[in-house]
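The values are calculated or read from the model by the stated rules, or taken from the named source; none is laboratory data. A quick note: this is a predicted structure, and the numbers were derived from the prediction, not measured. Cβ: placed from backbone, ideal geometry, glycine included. Neighbour counts: every protein chain shown. With ligands, DNA and RNA removed, areas are computed over all heavy atoms of the protein, side chains included. Shrake-Rupley method; radii C 1.70, N 1.55, O 1.52, S 1.80 Å.
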Amino acid sequence: MKRKYISQELLKLLACVTMLVDHIGAIFYPQYVLFRVIGRIAFPIYAFLLAEGIAHTRNPKRYLIRLMIGLLLAELPFELLFYGKLTYWHQSVMFTLFLGAVMLLWMKKSGWNILPFAVCFLVGKYMNADYGRWGIALIWVFGVSANIPRRWVFQFLASGIVFYLMGSFPIPIWGLSIPIQMFGLLAMLPIFFYTGRKSTSSKTLQWAFYLFYPLHLMILLLIRNYLY
């Protein structure tokens, strides 16, 4: 039996740090692709933790409210940071996560039929959110496999298919051309060692992880506009 070392808080921290590295690279150092490679680790972890949260939450409405607060706080700095203005046709990854949560809750209530996935897949596509329809597909992968034996095997293989279908610019390594999204498979290593437990019940820490996304966007926006 494998030994497990990584708590929920540590997994969340890894997602936050790799996302921050990704965004620092995208905004300040676009010439260095390593920042973006590291950043591919973040979203799969967020998708996995979302599926875990939906599977174990005792208050789905409160869970959705927390996601909605993060979504609303993030949208303005996201638009200004990455597009320089309010575009109305680009949505942050918080929208993808919120839509994914709605999908998983809907699927739980409907006996896990395919309709919620189909609807949310199309919404993710046409709302032009970060990771879009393939982000919804990845959340679905983690959601439907939450309770199956040796789930990490299915999750690794299915995630690899999703990352390939996302389509992304290639990175040349040792003569091979690897789509950058495929580096998202690196996230499966810490997920494999996830304990399935929290190390603390602190509500402050819980809210800190929810608010990290909008807050770090605001800080990066301020740095770029006034200090960089």
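Could you list, in sequence order, all residues of the range 180-199 that are assigned to a helix (DSSP H, G or I) and surrounded by fewer than 13 Cβ atoms within 10 Å (Cβ to Cβ)?
Within the range 180-199, Leu189 is the sole residue that qualifies.
Taking the condition of being in contact with a strand residue (DSSP E or B) (Cβ under 7 Å, 6 or more places away or on another chain) and in contact (Cβ under 8 Å) with a residue 12 or more places away in the chain, how many residues in the range 177-219 meet it?
6
Given the conditions (1) free of Cβ contacts under 8 Å to residues at least 24 places away in the same chain; (2) assigned to a helix (DSSP H, G or I); (3) more than 18 Å from Pro44 (Cα to Cα); (4) open to solvent by less than 40 Å² (accessible area, probe 1.4 Å), which single one is not true for Thr87?
(2)
Any chance you could count how many residues in the range 8-46 are within 18 Å of Leu221 (Cβ to Cβ) and among the aliphatic types (A, V, I, L, M)?
Residues flagged as within 18 Å of Leu221 (Cβ to Cβ) and among the aliphatic types (A, V, I, L, M) within the range 8-46 amount to 6.
Filtering the range 141-179 down to residues that are open to solvent by less than 30 Å² (accessible area, probe 1.4 Å) and either among the aliphatic types (A, V, I, L, M) or assigned to a strand (DSSP E or B) (or both), which residue is farthest from Ser7 (Cα to Cα)?
Filtering the range 141-179 for residues that are open to solvent by less than 30 Å² (accessible area, probe 1.4 Å) and either among the aliphatic types (A, V, I, L, M) or assigned to a strand (DSSP E or B) (or both), the one farthest from Ser7 (Cα to Cα) comes out as Ile171.
Just the residues that are in contact with a Ser or Thr (Cβ under 7 Å, 6 or more places away or on another chain) and modelled with pLDDT of 95 or more, please, taken from the range 1-49.
The answer is Ile38, Gly39, Ile41, Ala42, Pro44.
Within the range 53-65, which residues are more than 17 Å from Cys16 (Cα to Cα) and open to solvent by less than 50 Å² (accessible area, probe 1.4 Å)?
Across the range 53-65, the qualifying residues are Ile54, Ala55, Thr57, Tyr63, Leu64.
Determine if the range 108-120 includes at least one residue that is within 18 Å of the chain's Cα centre (by Cα), under 15 Å from Pro44 (Cβ atoms) and open to solvent by less than 60 Å² (accessible area, probe 1.4 Å).
No, the range 108-120 has no match at all.
Working only within the range 200-211, note down all residues that are open to solvent by 60 Å² or more (accessible area, probe 1.4 Å) and either part of a helix (DSSP H, G or I) or not hydroxyl-bearing (Ser, Thr, Tyr) (or both).
Lys203, Thr204, Leu205, Trp207
Tally up the residues in the range 121-140 that are surrounded by fewer than 22 Cβ atoms within 10 Å (Cβ to Cβ), under 16 Å from the mean Cα position of the chain (by Cα) and assigned to a loop (DSSP other than H, G, I, E, B), please.
Of the residues in that region, 2 qualify.
Which members of the range 134-176 meet the condition of being of a type in the set (Gly, Ala, Ser) and either touching a residue at least 12 places away in the same chain (Cβ under 8 Å) or touching a helix residue (DSSP H, G or I) at 6+ places or on another chain (Cβ under 9 Å) (or both)?
Once the filter is applied, which keeps residues that are of a type in the set (Gly, Ala, Ser) and either touching a residue at least 12 places away in the same chain (Cβ under 8 Å) or touching a helix residue (DSSP H, G or I) at 6+ places or on another chain (Cβ under 9 Å) (or both), the range 134-176 yields Gly135, Ala137, Gly143, Ser145, Ala146, Ala158, Ser159, Gly160, Gly167, Ser168.
In this structure, is Glu79 of a type in the set (Asp, Glu) and open to solvent by less than 20 Å² (accessible area, probe 1.4 Å)?
Taking the combined requirement at face value, the residue satisfies it.
With respect to Leu50, is the statement that it is closer than 21 Å to Ser7 by Cα and within 16 Å of the chain's Cα centre (by Cα) true?
When the stated conditions are applied, Leu50 passes them.
Please go through the range 90-104 and pick out each residue that is β-branched (Val, Ile, Thr) and either open to solvent by less than 10 Å² (accessible area, probe 1.4 Å) or touching a residue at least 60 places away in the same chain (Cβ under 8 Å) (or both).
Selection gives Val93, Thr96.
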